[in-house]
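Comments concern the structure below.
No lab work stands behind these numbers, since they all come straight from the coordinates. Remember, it's a predicted structure, so these values are computed and weren't measured experimentally. As a convention, Cβ positions derive from the backbone with ideal geometry for all residues, glycine included, and neighbour counts pool all protein chains shown.
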């Protein structure tokens, strides 16, 4: 993780020492899941060319304007999730009673926000009042967390992405030196959670680059059912590319990634979770045919896309 996880006091000191008189770009939000709305805001903030600081709302602040039972992820988990994003210089959270002083002491900053979100998110309003400038961005209809949860409840998934959702450029991963050892993983990677993020970071540490092979929308539907994926492959690709651990994303159309593995010839292919030998036999034999190896690594207990969806279905009262 390249971002700084810090206390508000340390972040202010870091900002003064590292950024000098330069402004910073500020994004605030719940970040209970990575969705087109918050990633769009982050990409717009990164495009300004200043260090990007993210302030994640505390549990009680987020709960006050979200449906019952949300946010699902505790503050520590949501802060950790943001820390995996490429282009984020620092991420923190601040107690409600200290928010005004924090934003006031942050120095010159540009607040990047959508008007509709600022209207319902209290930290957005506080930050806007103290910002040197507010960079208003268009709201992406149907793309914020409440919209995504509603689409899941109505079985209208994958969600429809509006034109321009990917208008802001994605920060490119740094070029790797030489060919190096390529690592691959595969999966749906629908609603990214902290288990995914830790797994991808662990896989990336095994080599010099990480290529993520993701199931196409049709492949996910065959595997998971007609209501999946929640996010279409274009967004799943963009969300993975936003992570500091990921160097490349390849979509595969079949029910397994054997053809893609044969073309990429990774040194290491990593499987997340507990796999029976027969389930990974073809992949193990294929990767081994050119001297590579297959590694199985445990996933983080308690985190899964299915769990997130099931909990979302338990709370159907819309946000205030």
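Quick look at the numbers
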quantity	calculated
Packing-based ranking, highest mean first, of 254-263, 195-204 given that Cβ atoms within 10 Å are counted	195-204, 254-263
Under 15 Å from the residue 181 label point (7 Å along Cα→beta-carbon), backbone N, segment 237-271	266-271
Length-normalised contact order of segment 182-305 in % [C-alpha pairs under 8 Å, at least 6 apart]	32
Relative exposure of 165, 290, 14, judged by other C-beta atoms within 10 Å (fewest first)	290, 14, 165
Cα-based Kirkwood hydrodynamic radius, the chain, one decimal, Å	20.5
Difference of contour (0.36 nm per residue) and Cα-Cα distance, residue 141 to residue 307	57.2 nm
Segment 1-63: C-alpha gyration tensor shape, a/c 1.5 cut-off, then a/b vs b/c	oblate
Segment residue 221-residue 205, length gained on full extension (0.36 nm per residue, minus Cα span)	2.7 nm
Contour excess over end-to-end distance, with Cα ends at residue 295 and residue 166 and 0.36 nm allotted per residue	43.0 nm
Set of segment 201-215 residues, backbone N closer than 13 Å to the point 7 Å along the Cα-Cβ line of residue 250	210-215
Percentage relative contact order, the chain, counting C-alpha pairs under 8 Å, at least six apart	19
Helix-only [θ]222 nm of the chain, DSSP H runs n ≥ 4, -39500 (n - 2.57) each, per residue, nearest 500	-11000 deg cm²/dmol
Rounded, prolate or oblate (a/c below 1.5 giving rounded, otherwise prolate when a/b exceeds b/c) for segment 182-305 by Cα gyration tensor	rounded
